[in-house]
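So the structure is just underneath, and the comments pick up after that.
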Amino acid sequence: MPRARTNRNRSFCRCVPAQHNMNATLTWPEFLSQAKQFLDISQQLNDSWQLYKKDDEEPNSFLKYTQKIKCKANDELINVEYHIVYSVSYQVPMLYFQAHRSDGRLLDLEATWSVFMPDASRTDLYEMLTQMEHPVLFRPFMALHPCRTCEILAQFGKQSRNLVLTFISIYGPYVKLSLANAYGLYIEENERSID
C-alpha cells in the first residue's frame with residue numbers, strides 16, 4: 001500500500017483526521033457527485049459498479065462492486081463485494097469489502113490477510129487492513145484504514161478531476177480490485193473535449 005512519510009513514534013495507527021490544508025479532501029456533496037460521475041463512466045464502459053442508497057440521509061450512499069477472485073493457495077473461488085464509502089471523519093473515500101467462500105462462509109481476518117496481502121508483515125496489516133463496522137450498513141467489514149488517504153492523494157501533483165476514481169485506482173489493487181485503463185482514458189478524453 002502506498003505509504004506517506006510518517007513518524008514511527010506516534011500511536012498505533014498514527015491517524016490524523018482531515019486537515020483542510022491539502023486539496024485531497026471531499027465534502028459529502030462532492031463525494032456523491034464524483035461517485036455519480038464514476039458510475040456514469042462505469043456504465044459507459046459496461047462495467048458493473050452500482051450506487052447503493054440506503055436513504056436520503058447523508059452519507060448513506062456508497063459505490064458497490066462485486067467480483068470473483070481465485071485464491072492462489074487452493075484455487076478456491078472467493079466472492080468479494082467492495083464498497084467505496086465516504087469517511088465523515090477524514091473527508092475522503094474509504095474502501096470496505098467482504099469476502100465469502102463459494103459455500104457462503106465469510107473469510108475470517110487471518111484468511112482475508114492471507115488472500116489479499118500475503119506478503120505484508122503482521123504490524124503493517126493491523127495498520128492497513130482491519131475489520132471495522134460499515135458506517136452505512138452497521139455490520140463488520142474489512143476496511144483499508146483512511147488515516148493517510150488524504151496525504152497520499154495529495155502527492156499526485158495536479159488535482160484529480162475525480163478523487164473517487166483516483167482513490168480506487170491507487171488503493172483497489174491492494175485488495176485485488178483493479179480498474180480498466182479505460183476509466184482514466186475516459187476522463188482524459190473528456191478533459192480534452194472540454195478544453
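Here are the numbers for the structure shown:
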{"item": "Residue-wise HN-Hα coupling along segment 47-52, computed from phi with Karplus coefficients 6.51, -1.76, 1.60 (Hz; x: Gly, Pro)", "result": "8, 10, 5, 9, 9, 8"}
{"item": "Förster radius 30 Å - calculated FRET efficiency between Leu77 and Gln37 (Cβ-Cβ, nearest 0.05)", "result": "0.40"}
{"item": "Computed accessible area, Asp40, all protein chains, 1.4 angstrom probe, square angstrom", "result": "90"}
{"item": "Accessible surface of Asp103 - all protein chains present, 1.4 Å probe, nearest 10 Å²", "result": "100"}
{"item": "With all protein chains modelled, accessible area of Thr66 [1.4 Å, Å²]", "result": "80"}
{"item": "Where segment 113-180 is the region considered: accessible area per residue in Å², 1.4 Å probe", "result": "44"}
{"item": "Extension gain from His100 to Tyr174, taking 0.36 nm per residue of separation minus the Cα-Cα distance", "result": "24.9 nm"}
{"item": "Extension reserve of the Ile69-Leu109 stretch, reckoned as 0.36 nm per residue once the Cα distance is removed", "result": "12.7 nm"}
{"item": "Where His100, His134 fall by accessible area, highest first, once all protein chains stay in place (1.4 Å)", "result": "His100, His134"}
{"item": "Hits among lysines - C-alpha to C-alpha of Lys36 under 26 Å, sequence gap 8 or more where chains match", "result": "Lys53, Lys54, Lys64, Lys68, Lys158, Lys176"}
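The values are calculated or read from the model by the stated rules, or taken from the named source; none is laboratory data. What you see is a predicted model, and the numbers here were worked out from it, not measured in a lab. No Cβ is skipped: glycine too gets one built from the backbone with ideal geometry, and neighbour counts run over all protein chains shown. In case anyone asks, the SASA skips ligands and DNA or RNA and just uses the protein heavy atoms, side chains included. Shrake-Rupley method; radii C 1.70, N 1.55, O 1.52, S 1.80 Å.
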